[in-house]
1. So, counting K/R as plus one and D/E as minus one, what does the shell of residues with Cβ under 11 Å around Leu275 add up to?
2. How big is the charge dipole of the chain about its Cα centre, in debye rounded to the nearest 20, if each Lys and Arg gets +1 on its Cβ and each Asp and Glu gets -1 on its Cβ?
3. What pairs in Lys287/Lys430; Lys320/Lys512; Lys447/Lys485; Lys147/Lys512; Lys103/Lys320 have C-alpha atoms more than 19 Å from each other?
4. Amide H to amide H under 5 Å from Gly109: which residues, 5+ apart in sequence or cross-chain, H placed 1.01 Å off N in plane?
5. When the distances between all Cα atoms of the stretch 428-485 are binned every 10 Å from zero, what whole-number percent does each bin get?
6. If you split all Cα-Cα distances of the stretch 2-138 into 10 Å bins from zero, what percentages do you get per bin, shortest first?
7. Report the antiparallel proportion of the DSSP beta bridges in the chain as a percent, rounded to a multiple of 5.
8. Hey, what's the Kirkwood Rh for the chain if you take every pair of different alpha carbons, in angstrom?
Amino acid sequence: MLRRRYLIRDEKGRVVETPERMLQRVARAMAGAEEISGGSAEARIWEKRFLSALSQGLFLPNSPTLMNAGRPLGQLSACFVLPVEDSLEGIFETVKQAAIIHKTGGGTGFDFSGLRPAGDQVASTGGISSGPVSFMQVFDTATEAIKQGGVRRGANMGILHVSHPDIELFIRAKTELDLFSNFNLSVMVTDEFMQKVRADRDWDLINPRNGSRVRKLKARGLFELMVESAHGAGEPGLVFFDALNRGNPTPALGRFNATNPCGEQPLLPYESCNLASLVLPRFVKGKQINYPALEEAAGLVVRFLDNALEVNRFPLPQVKKATRLTRKVGLGVMGFADLLIALNIPYESSRAAQVAQKVMKAINSAAREMSRDLARQRGSFPAFAKSVFPAQGETRMRNATVTTLAPTGALSLLMGCSAGIEPLFALSHKRRMLDDQLVNEVNPAFKARLAELGLDTLQNQKALAQSGLAASIAGLPFKDREVFKSAHEITAQGHMAIQRAFQLYTDNAVSKTVNLPARAPVKEVWQVFEQAHAMGLKGITVFRHGSRGRQVLELASLP
Ligand code: ADP
């Protein structure tokens with residue numbers, strides 16, 4: 001995968017870069033920003049430090065940085081949000097901007113709530129509008145056509161506000177109408193809506209063009225539609241408007257109406273964000289987390305990311321302007337499940353949630369500390385005076401946000417660790433590669449543990465390949481069964497407890513999927529959505545096993 005996606009090729013398509021050279025290229029490009037303030041000697045010192053951390057596998061930046069740093073494209077960010085205006089010119093301008101971003105490996109999020117509903121009038125032509133869902137198909141088709149040179153399919157997040165008149169169509173679009181192969185969908189839900197669901201009240205659908213009420217319906221009926229659709233096919237997700245905006249560091253610049261494709265990064269129109277993730281299992285010493293090392297690495301990576309904002313070749317002038325105004329960066333983690341296994345802690349346990357909080361608190365504080373230091377040398381982000389920080393007693397800050405928890409889909413494969421903060425998907429599973437081949441993979445920590453216990457027999461290997469579950473190994477001690485539980489054996493509450501623990505110390509949002517077993521009833525999704533809101537999460541995504549036709553990861557049999 002490294003070869004296929006990241007390493008430089010010549011005109012004939014032959015790979016001409018080694019992985020070491022790739023890391024050198026990335027370290028050098030990011031250290032280049034140090035020359036501006038410190039000269040070339042300073043740049044060399046930081047290049048060494050960045051390269052050392054990268055070579056030890058302590059962290060990786062998001063994919064576009066690995067692919068494009070130090071190269072002509074030079075576009076380094078993974079996440080973008082683009083505004084969509086309610087005019088034909090505006091819509092197609094955004095399609096074009098999205099195409100430019102996809103070409104460079106970035107993902108885009110859009111709030112389509114400003115578009116007038118289907119059937120509404122169009123004054124200039126005397127015709128009627130086809131509405132957001134119809135225009136989203138234009139974005140979807142454009143994305144399909146670009147395919148990012150065959151290495152990275154474009155990713156989009158489509159968001160519609162819960163009061164938009166086309167909301168029901170939007171909710172059904174993927175699941176019933178089979179539209180969109182390049183969109184994740186989320187409904188933007190407000191506290192007010194959730195209160196109406198709880199109290200079983202009516203809910204107004206409003207035309208965004210003139211603010212008039214188009215229709216009213218039962219809040220519960222609409223909520224049920226989201227619940228059923230998510231139960232049936234994992235979409236839509238919910239994003240919670242009020243929780244997102246309570247965490248908005250610059251409300252004077254605007255409110256959050258959209259996130260990037262996987263939901264972990266709320267952004268204002270035209271903002272972009274560079275992400276990076278620490279590889280948690282690399283910070284285990286004996287059976288303990290090496291906190292000083294973790295904090296030092298967090299600081300270093302924030303410096304790396306702030307440098308990325310200097311050397312980034314922004315794909316659009318508007319993106320450059322908006323991004324440099326707040327200088328958001330997003331440091332997160334991968335390999336959390338591996339970390340817990342190394343510490344012999346079950347994912348579904350209060351200790352795991354404590355570890356999550358402690359780890360993220362340490363990372364967030366070290367990241368902020370570095371951001372303050374950088375501000376002393378380089379100045380605060382330009383919108384600092386208008387931000388929430390002065391009221392919190394801060395005198396300077398280089399970055400409006402410092403932490404984000406990304407899914408690390410590609411990065412965790414590169415590092416051979418568990419993805420983001422997710423539990424193990426299965427202890428043995430088949431992975432569908434880009435060329436459609438299925439490859440069998442056994443979790444190495446589990447294999448080692450079985451060997452230690454004298455249980456790595458042919459019979460057990462077979463049982464494991466069949467079920468993917470630790471529980472299928474006869475004679476496995478209870479504690480090991482708990483520690484090696486996989487995503488579908490963990491309750492929804494267990495998943496959400498970890499999401500919340502991380503969210504408490506994350507400036508931006510958390511990418512997390514709440515897995516449900518195939519037999520989970522619709523009612524459970526309803527409860528999960530309500531609980532997620534009550535817990536103050538910024539968003540929620542559920543996925544019931546086997547509910548979508550083809551999955552990237554496949555278990556041999558359903559639990
Ligand atoms: P990676 O592991 O490749 O760095 P992640 O899985 O952590 O990426 O996703 C982080 C963000 O990167 C996503 O939320 C999205 O904004 C962007 N992204 C992910 N996959 C794609 C893709 N195929 N095309 C465009 N953007 C993507």
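1. On the way: positive: Lys328; negative: Glu264.
Around Leu275, the charge tally is 0.
2. Numbers: 69 positive and 53 negative charges, 198 e Å.
Approximately 960 debye in magnitude.
3. With Cα atoms farther than 19 Å apart: Lys287/Lys430; Lys320/Lys512; Lys147/Lys512.
4. Under 5 Å from the amide H of Gly109: Phe80, Val81, Leu82, Met157.
5. P(r) for the stretch 428-485, in whole percents per bin: 23, 54, 18, 6.
6. Answer for the stretch 2-138: a P(r) of 11, 29, 23, 17, 13, 7, 1 percent.
7. 45 percent
8. Radius from the Kirkwood sum: 24.3 Å.
We did not get these values from a lab; they are worked out from the coordinates using the rules stated. The shown structure was predicted, so the numbers you read here are calculated from the model rather than taken from an experiment. Heads up, the Cβs are rebuilt from the backbone with ideal geometry, glycines too, and the neighbour counts pull from every protein chain shown.
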